[in-house]
Amino acid sequence: MENRIKTVLLLAGMTVFLIFMGKLIGGRSGMYLAFLLALGMNFFSYWFSDKIVLKMYGAQEVSPTEAPQLHQIVAELAQEAGVPKPRVYIIPDESPNAFATGRNPEHAAVAATEGILRLLTPAELKGVLAHEMGHVRNRDILISTIAATMAGAIMILADMARWGAIFGMGRDDDEGPGIVGILVMSIIAPIAALLVQMAISRSREYLADETGAHLAHNPESLARALEKLSMGTQRVPMNASPATAHMFIVNPLTGSSLMNLFSTHPPIEERVARLRAMRSY
């Protein structure tokens, strides 16, 4: 419940940022512009984001005959979660990872890399797929898509405000913050939006871990899987886009410890500790 409340508050904060940036650029008309921009981007993301990301990673849909174990686990977990069975994809990549996508449980897909299928035991794989099914049941895919889209809209508006201020289009009247204020906010707002998006993503990961542990009836299997995946992705990094990194169960990007502070994923150690603090179900 705490994670859900936190997500609602953070999404509300992003909405305020978006409206504020629109007003910063052009007053009331700018607010309308910001609303229309976010509406258009969210519409596109809602209908097409799943197809785009699956194609981006070369994911191939597989039948129950081609991947019987994978389909069996997904079917069992879907029944346990009370949602329709998602489509099943395999990504031709040796980096061990997985993600779920789709605008709602009725149009969901689960994708696993060839690397994760080779690395994990059946119980550990079930823990990972249970985590992804948790995302599906909790509608995290839609929430994370909206957060990413709103962050993108804020960045676009910030660029517009920054270039407008540079070319003398700032509002120096009593209602506006002036050119200096616009420049400062055009820098601060995108950073704040990214931090809010990161906080939303981390909250949903913790919630998916908890949900997955319930669905698989075994928190330890997911904890072990996360430890293996953390080491596996370091040994075999994935050529992943930063824009889609938040979708994977573990961060597919490698980087410095400083960059990890701004990761959309919580620290693996913290996730494992939380799972091991849970009792078996």
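The values are calculated or read from the model by the stated rules, or taken from the named source; none is laboratory data. The structure presented is a predicted model; accordingly, all values stated were derived computationally and were not measured. Positions of Cβ are backbone-derived with ideal geometry, glycine not excepted, and every protein chain shown enters the neighbour counts.
Only one of the numbered conditions (1) surrounded by fewer than 17 Cβ atoms within 10 Å (Cβ to Cβ); (2) at pLDDT 75 or above is not met by Ala81, and that is (1). If the condition is being of a type outside the set (A, V, I, L, M), part of a helix (DSSP H, G or I), closer than 20 Å to Ser63 by Cβ and touching a residue at least 60 places away in the same chain (Cβ under 8 Å), then the range 80-120 contributes no residue at all. From the residues in the range 53-76 that are under 21 Å from the mean Cα position of the chain (by Cα), surrounded by 15 or more Cβ atoms within 10 Å (Cβ to Cβ) and in a helix (DSSP H, G or I), which one is modelled with the lowest pLDDT? Filtering the range 53-76 for residues that are under 21 Å from the mean Cα position of the chain (by Cα), surrounded by 15 or more Cβ atoms within 10 Å (Cβ to Cβ) and in a helix (DSSP H, G or I), the one modelled with the lowest pLDDT comes out as Val53. Counting only helices (runs of 4 or more DSSP H) wholly contained in the range 181-281, the ones carrying 3 or more residues that are of a type in the set (Gly, Ala, Ser), modelled with pLDDT of 90 or more and farther than 23 Å from Val53 by Cα occupy 219-235.
State which residue is modelled with the lowest pLDDT when the search covers only the range 103-136 and only residues that are among the acidic types (Asp, Glu) and under 22 Å from Ile52 (Cβ atoms). Among residues in the range 103-136 that are among the acidic types (Asp, Glu) and under 22 Å from Ile52 (Cβ atoms), the one modelled with the lowest pLDDT is Glu106.
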